[in-house]
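Note sheet for the following structure.
The values are calculated or read from the model by the stated rules, or taken from the named source; none is laboratory data. None of the values given here were measured: they were computed from a predicted structure. For neighbour counting, all protein chains shown are included, and Cβ atoms are generated from backbone atoms with ideal geometry for every residue, glycine included. SASA here: full protein model, heavy atoms, side chains in, ligands and nucleic acids out. Shrake-Rupley method; radii C 1.70, N 1.55, O 1.52, S 1.80 Å.
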Amino acid sequence: MKDIATMNRKKFSKIIFCFLCACIPLVLWIIAPGKQLVFYGFYNSLLTFGKIAGIIGICFFSGNLILSGRYHFLDYWFNGLDQLYLFHRRTGIYTFTILSFHVLAISLQPLQFSFGLFSSSLFDFRHWYINFGRIAYIGLLITVILTLTLSGKVKYERLKKMHQCMGIFLFFGGLHAFFIPSDISQNLYLRYYVLTLALLSFVSYLWRTVFRKWLLIKISCDVIGVNELTGSVTEVVLKPKNGKKV
């Protein structure tokens, strides 16, 4: 019974994550006044799906950054840090895929008029709110490429420091989402929802990454036991300096 309850808790946590980061923003976008769902013609359909991908992508990005914060209550709901990080890795892949589709769908829009307009739009840096999005996606793309290339070849600590830049990319992605004339800027409920999620994520990033050495409590421990539980699981027993076991 305990194993079933544990499995159900992890499934419930995944459902809640998808509900908060995908279902709610999608519903807020659909029910807003206006013609959001436009599917006549290839480029109109592509634009519609691109908008959906942009909204869900920024929410997934925000939620995934919160998952990386190592919060005890998340460890509990996902049945341990290892399971939490496995889910974090998968949602990270989903986030990158969704945002890549968003970039592709929006970038291809000028092609419906001419290839010349498409090529010139790629190097048009006049609009700063579009440049924010470029910075966010290029930074994310470089991080993903370096992670795949260097994984197993460099120390984990270096990859971890590389991933700590994700909060900066989220910051620029948030600026892009809120300053560009879009559905988020015109839909108050969606705007406040996405803004709240992004702000929570960015505060979490600052707290757990930038200011952690000043804000997080550190406990000095002694290793008092190392037990080989199975061939692949090792238990390390720590004792804090105050005498209480953890």
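Rolling a 1.4 Å probe over the protein heavy atoms of the chain, with every protein chain left in place, gives an accessible area that is 69 percent carbon and sulfur.
The overall shape of the range 91-136, judged from the alpha-carbon gyration tensor, is oblate: a/c is not under 1.5, and a/b is no greater than b/c.
Counting pairs on different chains as well as pairs 8 or more places apart, how many Lys pairs in the range 1-121 have Cα atoms under 22 Å apart?
Details: 2/10; 2/11; 2/14; 35/51.
So the count works out to 4.
Round to the nearest 0.05 the FRET efficiency obtained for residue 72 and residue 196 when R0 = 22 Å and r is the Cβ-Cβ distance. The value I calculate is 0.45. Among 144, 226, the order of accessible area from largest down is 226, 144, computed with a 1.4 Å probe on protein heavy atoms.
Among the cysteines of the chain, those with no neighbouring cysteine Cβ under 4.7 Å are 18, 23, 165, 221. Gain on full extension, evaluated as 0.36 nm per residue between residue 40 and residue 207 minus their Cα-Cα distance, stands at 55.5 nm.
Could you list the square roots of 5 times each eigenvalue of the Cα gyration tensor of the chain, that is, the equivalent ellipsoid semi-axes, sorted largest first and rounded to whole Å?
Rounded to whole Å, the semi-axes are 39, 21, 17.
Per 10 Å bin, what is the whole-percent P(r) computed from every C-alpha pair distance within the range 1-93? Calculated P(r), rounded to whole percents: 15, 38, 25, 16, 6, 0.
The long axis of helix 188-205 is offset from the longest Cα principal axis of the chain by roughly 40 degrees.
You can think of it this way: the chain between residue 8 and residue 97 has 29.3 nm of extra reach, that is 0.36 nm per residue less the Cα-Cα gap.
Loop-located chymotrypsin sites (Phe, Trp or Tyr not before Pro) in the range 145-246 (DSSP state other than H, G, I, E, B) with a sparse environment of at most 11 neighbouring Cβ atoms within 10 Å: 211. Under the combined filter of DSSP loop state and at most 13 neighbouring Cβ atoms within 10 Å, the range 88-148 retains these chymotrypsin sites (Phe, Trp or Tyr not before Pro): 113, 123, 125. If a/c stays under 1.5 just call it rounded; otherwise compare a/b with b/c (prolate if a/b is bigger, oblate if not). Do that for the range 194-235, with a ≥ b ≥ c from the square roots of the Cα gyration tensor eigenvalues. Verdict is oblate for the range 194-235. Subtracting the Cα-Cα distance of residue 161 and residue 130 from 0.36 nm times their residue separation leaves 8.5 nm of extension gain.
Accessible surface area normalised per residue over the chain is 64 Å², counting heavy atoms of protein chains with a 1.4 Å rolling probe.
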